1. Checking B:Tyr90 against (1) free of Cβ contacts under 8 Å to residues at least 60 places away in the same chain; (2) part of a helix (DSSP H, G or I); (3) open to solvent by 40 Å² or more (accessible area, probe 1.4 Å): exactly one of these is not met. Which one?
2. Would you check which residues across region B:179-208 are within 15 Å of ligand 2 (Cβ to nearest atom) and in contact with a Gly (Cβ under 9 Å, 6 or more places away or on another chain) and list them?
3. If I go through region A:217-231 residue by residue, how many of them are within 17 Å of A:Val32 (Cβ to Cβ), within 16 Å of ligand 2 (Cβ to nearest atom) and touching a helix residue (DSSP H, G or I) at 6+ places or on another chain (Cβ under 6 Å)?
4. On the basis of being more than 16 Å from ligand 1 (Cβ to nearest atom), open to solvent by less than 20 Å² (accessible area, probe 1.4 Å) and at positive phi, does B:Gly243 make the cut?
5. Please determine, by comparing only the residues of region B:166-185 that are open to solvent by less than 20 Å² (accessible area, probe 1.4 Å) and not in a helix (DSSP H, G or I), which one is farthest from B:Pro220 (Cα to Cα).
6. Quick one: which of B:Gln282, B:Gln232 is over 28 Å from A:Lys4 (Cβ atoms) and either within 20 Å of the chain's Cα centre (by Cα) or more than 14 Å from chain A (Cβ to nearest Cβ) (or both)?
7. Would you call B:Gly243 assigned to a strand (DSSP E or B) and within 14 Å of another protein chain (Cβ to nearest Cβ)?
8. Just give me the residues in region A:238-255 being facing chain B (nearest Cβ under 8 Å) and under 28 Å from A:Arg195 (Cα atoms), in sequence order.
Amino acid sequence: MQFKSMVISNVEVSPNYFRMRMTAPQELSSSVPGQFVMLKVNDAIDPLLRRPFGLFDVGSFVPEYAGCGAQVYCEILYKVVGKGTKLLSTLHHGDLVDLLVPLGKGFQMGPAGEEKVLVGGGVGLAPLYYLAKQLKERGEKVRLFAGGRNRDDVLCITEFERLGVETYVATDDGTLGERGFVTQVLERHLASGMRIFACGPTPMLNAVAKMSEKHGVPCQVSMEAYMACGVGACLGCVMKGANHSDETPDYRCVCKDGPVFDSFELQWS
Amino acid sequence: MQRPDMSVVLAGITMRNPVMTASGTFGYGAEFADYLDLESIGAMVTKGLSLKPKAGNPTPRIVETPGGMLNAIGLQNVGIDTFIEQKLPYLKDVNTPVIANLYGNTLEEYGEVASRLDGLAGVAGIEVNISCPNVKQGGIVFGTDPGAAKEVVSLVKRNTSKPLIVKLSPNVTDVVLMAKACADAGADALSLINTLTGMAIDLERRRPVLANVTGGLSGPAIKPVALRMVWQVAKAVKLPLIGIGGIMNGRDALEFMLAGATAVQVGTASFLDPSAAQRIAQEMEQYLVDNGIDSVRSLIGALEV
Ligand SMILES: Cc1cc2nc3c(=O)[nH]c(=O)nc-3n(C[C@H](O)[C@H](O)[C@H](O)COP(=O)(O)OP(=O)(O)OC[C@H]3O[C@@H](n4cnc5c(N)ncnc54)[C@H](O)[C@@H]3O)c2cc1C
Ligand SMILES: Cc1cc2nc3c(=O)[nH]c(=O)nc-3n(C[C@H](O)[C@H](O)[C@H](O)COP(=O)(O)O)c2cc1C
Ligand code: FES
């Protein structure tokens, strides 16, 4: 649905990374982790298109005004990379943004009892927090493997820990956790009876998908693509399905068929 | 005052208002059903259909540019048979005319797709795309050479009894020449414009942004070009025209009608605001109310120069 949302807060949680909380429609309380929002940063024609962001958190709050009942909020965690996110970072409490929510297919949490393994790189941690929250509510055992270039890229680890998630961190330069790729740390821990949920840069997802296949561990990945409509109409956001070839094309819409896919559904390089 | 009369008739197709959705920007209709009332708009135009399903181009396929966007989707579509089996039943139940947009990789294919659509209930008319800049064969060849355009339009005309709309490319030196060729060949109406060929470069990587290198520019950035072309063609050709290009609000749409359009299509605007087509129709009506105009038809071609 389309919703005019009010910014509640918008704070820099690490250099260039912001966490923005907004009012949300009631419908969002039944959203699934991994689903995303398309946000129109302003009313101008530049930037023209909406920007997609994963749901970092959904919850309810009681506004400070007298007589208000509980209302739903949603949060996004974003990195400033260009024009749209730069503008987004200047918004304050009380500003309005236009949201399409909730879009796409989210994570399927799988049967209880398995160990749930979350793998995130940089801002890819965003949808994993909402997922971790729901998994912990179900009483599941959850481990998080978080990676980034340096310590500033590894976000909100304490929030995960507060949920009771066991966390493992790796950075390229070793400024936080182990030095190296988070996928190397992950590989040491992989065993059957686990289920992987991954979100982050494509090379990382590529490595995780391969590893999950090797170890026979089911794996879901949340993909990113450049989007225009977010609802499956423009076909701008497609990626190659597992059986894609030039003769038998198999393109999947990231916005509508995803952004979360079973890793075996896609073609990996 | 009574509510203004918003209805228009275009090549025999009666529409409750002049606002249509543009091909390729509204999927097959159902994608937008949660965001607007499909029965509040004038007509829906489907994604361009070909004889066989088409995969489209490699990614990245879209990129934003100031005031517009470039796309190189490459006419990905489900193919005419799947459209008839899987998409048309839904569309049939919506009380809004459906225009099937079609194209062929060869001259014969244009004829074949048109004939498969002929006689189908639920398809009010066809719009022939001779103007896609993103496919190597077909498309643009027919859209830039008046002789080839004449050939393809007369062939389609022989293969259909439905109202025939031809969609023109702006990527020509003289759009009036193309319009006349299509009119002579039997078109019942003309749509203009399709996207303008453009390009975006990634300076860091020193490579084109789009996998296809070039793409079609749409959005507010192209509106002045589209308006000019509608106005030029309206003066030269007697056919009803559909104005397309960067229409974001009711005022944009009405400007196209003043320039000579009987109806308009809303494209890129639906990406920013999925209810755009419905909102634009309402804004047009409000303009008429505010200015005491009782029929939207009185504005068609009413530009004073
Ligand atoms: C389903 C989905 C969920 C996402 N969730 C998050 C999230 O939770 N947090 C977050 O920070 N980002 C997320 N992104 C990426 C985010 O949408 C882009 O970073 C943002 O649109 C960039 O906008 P901009 O105007 O700042 O950048 P632009 O000025 O448009 O571009 C700047 C740079 O960012 C790159 N970029 C632009 N769009 C995308 C994109 N869609 N994906 C990847 N790179 C892009 C461009 O290639 C360019 O190099 C998500 C993307 C998708 C598709
Ligand atoms: C993503 C995208 C896909 C399109 N696909 C088609 C198509 O299949 N057939 C067609 O005739 N035009 C297609 N077009 C062109 C539009 O119908 C329209 O002519 C153009 O976008 C200009 O209008 P706008 O500025 O309102 O978007 C497409 C445009 C976009 C942006
Ligand atoms: S963004 Fe338009 S189809 Fe996915």
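1. The number of the failed condition is (1).
2. B:Ala189, B:Ser191, B:Leu192, B:Ile193, B:Asn194, B:Thr195, B:Leu196, B:Thr197, B:Gly198, B:Ala200
3. 1
4. no
5. Ranking the qualifying residues of region B:166-185, first place goes to B:Ala185.
6. Step by step, each of B:Gln282, B:Gln232 is checked, and only B:Gln232 is over 28 Å from A:Lys4 (Cβ atoms) and either within 20 Å of the chain's Cα centre (by Cα) or more than 14 Å from chain A (Cβ to nearest Cβ) (or both).
7. No, not satisfied.
8. The answer is A:Val238, A:Met239, A:Tyr251.
The values are calculated or read from the model by the stated rules, or taken from the named source; none is laboratory data. Computed from a predicted model, the values in this text were never measured in an experiment. Note that we place each Cβ from the backbone using ideal geometry, even for glycine, and neighbour counts take in every protein chain shown. When the accessible area is computed, the model is the full protein with side chains, heavy atoms only, and any ligands, DNA or RNA have been set aside. Shrake-Rupley method; radii C 1.70, N 1.55, O 1.52, S 1.80 Å.
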